[in-house]
Amino acid sequence: AVVSTQSTGTFSHFAKNKYQMLIMPLTIWSGLEQGWLGASFTAAYITCPIGVHNIGYIIIVYASTDAICSFLFGWILKRIGRIPVFTMAAIFNMGVMLVLLHWTPTVAHKGYLYLFAVLWGMGDAVWQTQINAFYGVIFPGQEEPAFPIYRLWESLGFLAAYLIGNNTELSLFMWILVAWLAVSFVGYLVIELLEYRRTGHFSIYLCNGGKTVTVEQDQ
């Protein structure tokens, strides 16, 4: 009975909260982009053209970048704000996909794959740390129903990445990802706009003698 009540509350929270609907595409994206990297990217751009033995090295570069940036971006976000950091991650992801759509990897140019792994790791570091933190910001006091939905959408993103990737052409799948990321980012920006209208000010983070302070700018 307790589990049933919690499940009902979780889905009720999604159905009645416009922020949940707006953040859903970006949360699914955080699963999609990880699934695409682990399956489609490694198969199409590493295994086939330059050899399966390169997967480990490229993924190490990706994971190392992800780990370092997960720590750094929290510090950076406090100083320049959330929108620039999210925008940077979206640009990195979008840029990598658009380049890969028009580029054929070769052994002679495999160094570019390490660069793409770095950029993807930087983007993933934002999504995996800051979407989670963003849920805490936009759903204060509602963590119990909000975070299970976060995990649900992310897991569905993983599932969709493998299902779509295994049943469609790579180029079509990547165009779907490009479109999904665009829609996801618009949904995120709408939340930021609604928060601006609700509070009547922007919060600008500045560094003051090593301490982070918030300056409120009224409309």
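The values are calculated or read from the model by the stated rules, or taken from the named source; none is laboratory data. As the structure is a computational prediction, the values presented were derived from the model and not from experiment. Note that each Cβ is placed from the backbone with ideal geometry, even for glycine, and that neighbours are counted across all protein chains shown. For accessibility, only protein heavy atoms count, side chains too; no ligands or nucleic acids. Shrake-Rupley method; radii C 1.70, N 1.55, O 1.52, S 1.80 Å.
Take W36 and decide whether it is not in a helix (DSSP H, G or I) and not aliphatic (A, V, I, L, M).
no
Given the conditions (1) modelled with pLDDT under 90; (2) touching an Asp or Glu at 6+ places or on another chain (Cβ under 8 Å); (3) open to solvent by less than 20 Å² (accessible area, probe 1.4 Å), report the number of the one that E33 does not fulfil.
With respect to (1) modelled with pLDDT under 90; (2) touching an Asp or Glu at 6+ places or on another chain (Cβ under 8 Å); (3) open to solvent by less than 20 Å² (accessible area, probe 1.4 Å), E33 is out only on (1).
Could you list all residues from region 141-198 that are among the hydroxyl-bearing types (S, T, Y), touching a Gly at 6+ places or on another chain (Cβ under 9 Å) and farther than 24 Å from V99 by Cα?
The answer is S155, and nothing else.
Which one is nearest to G81 (Cα to Cα) among residues in region 155-191 that are open to solvent by 30 Å² or more (accessible area, probe 1.4 Å) and not hydrophobic (A, V, I, L, M, F, W, C)?
Top of the filtered list is S155.
Per-residue answers, yes or no, for (1) modelled with pLDDT under 90; (2) over 22 Å from the mean Cα position of the chain (by Cα); (3) aliphatic (A, V, I, L, M):
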| residue | (1), (2), (3) |
| --- | --- |
| F14 | yes, no, no |
| L72 | no, no, yes |
| I80 | yes, no, yes |
| I83 | no, no, yes |
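Taking region 71-110 only, how many residues are over 23 Å from A182 (Cβ atoms), open to solvent by less than 40 Å² (accessible area, probe 1.4 Å) and assigned to a helix (DSSP H, G or I)?
Going through region 71-110 one residue at a time, the tally reaches 1.
Mind counting the residues in region 111-153 that are open to solvent by 40 Å² or more (accessible area, probe 1.4 Å), over 16 Å from the mean Cα position of the chain (by Cα) and farther than 22 Å from I60 by Cα?
Count: 7.
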